[in-house]
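Inspection log for the structure reproduced underneath, given as structure tokens.
What follows is calculated from the coordinates using simple rules that are stated; it is not laboratory data. Source: prediction; values computed, not measured.
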Amino acid sequence: GESVGLHLPTLSVQEGDNSIINCAYSNSASDYFIWYKQESGKGPQFIIDIRSNMDKRQGQRVTVLLNKTVKHLSLQIAATQPGDSAVYFCAEKRTGANNLFFGTGTRLTVIP
Amino acid sequence: EAGVAQSPRYKIIEKRQSVAFWCNPISGHATLYWYQQILGQGPKLLIQFQNNGVVDDSQLPKDRFSAERLKGVDSTLKIQPAKLEDSAVYLCASSAMAGQAYNSPLHFGNGTRLTVT
């Protein structure tokens with residue numbers, strides 16, 4: 001069936017290194033994608049979003065890349081800090097739908 | 001701005017009992033969502049309100065779950081009777097615009113963790 005999924009369930013990086021979190025989606029009708037960060041005991045927090053007519057979008061220390069050809073989304077975090085440790089979810093909005101479909105998530109652990 | 005408020009933070013009940021969760025969205029946000037997040041999974045939409053009307057409740061188990069948003073502001077989600085598989089975090093979210101529009105992302109509360117024994 002169609003789904004939003006992630007390549008790796010866990011990712012460990014050294015403090016100061018760059019992190020790349022990947023996400024695969026299978027619904028070509030999705031027109032909007034969002035990355036959320038969820039810390040333990042908290043709700044998901046918006047990080048950055050991108051529309052399907054874009055390939056790249058940058059925020060503060062974060063960049064989202066969208067490759068529609070292979071239906072792949074990635075989140076790049078520059079100079080990863082201990083405070084970046086959390087579970088990261090990609091979510092997609094499908095054309096005509098009102099809500100978001102979330103993937104399973106990737107747990108990022110930053111090693112001091 | 002104040003965030004999405006939810007209560008209680010934790011709730012433990014026995015199966016077949018009833019439980020209710022409360023949500024106060026960000027002031028002025030027209031759209032309110034309830035999501036269920038089972039441990040180790042991403043959130044799954046249960047119901048979406050636009051003001052006080054239901055937009056999407058296709059994933060809500062209506063034989064046991066109910067939700068309302070009186071006056072288009074606060075909302076309550078009820079489960080009666082609860083089952084073991086209802087153990088999850090129940091997240092409330094709100095957004096300024098109808099649906100999930102670009103530049104109008106969902107803002108989530110910290111959720112209510114429900115344990116059914």
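Extension gain for A:PHE46 to A:GLU15 (0.36 nm times residue separation, less C-alpha to C-alpha distance): 8.9 nm. By the rule of a C-alpha distance below 19 Å, with chain neighbours fewer than 8 residues away ignored, the aspartates and glutamates paired with B:LYS15 are B:ASP63, B:GLU85, B:ASP86.
Note that chain A shows a convex hull volume over its alpha carbon atoms of 99 Å³ per residue. For the range B:23-71, the equivalent ellipsoid derived from the Cα gyration tensor has semi-axes of 20, 14, 9 Å, listed largest first.
In the calculated pair-distance distribution of the protein assembly as shown, the portion above 21 angstrom amounts to 55 percent of the Cα-Cα pairs. How much of the DSSP bridge set in the protein assembly as shown is antiparallel, in percent, rounded to the nearest 5? Antiparallel bridges make up about 90 percent of those DSSP assigns within the protein assembly as shown. Residue separation of B:GLN17 and B:ALA96 scaled by 0.36 nm, minus their Cα-Cα distance, works out to 25.0 nm of gained length. In units of the rule-of-thumb radius 2.2 N^0.38 Å, the range B:31-102 shows an alpha carbon radius of gyration of 1.09. Over all orientations, the range A:52-92 has a Cα convex hull whose mean projected area works out to 3.4 square nanometres.
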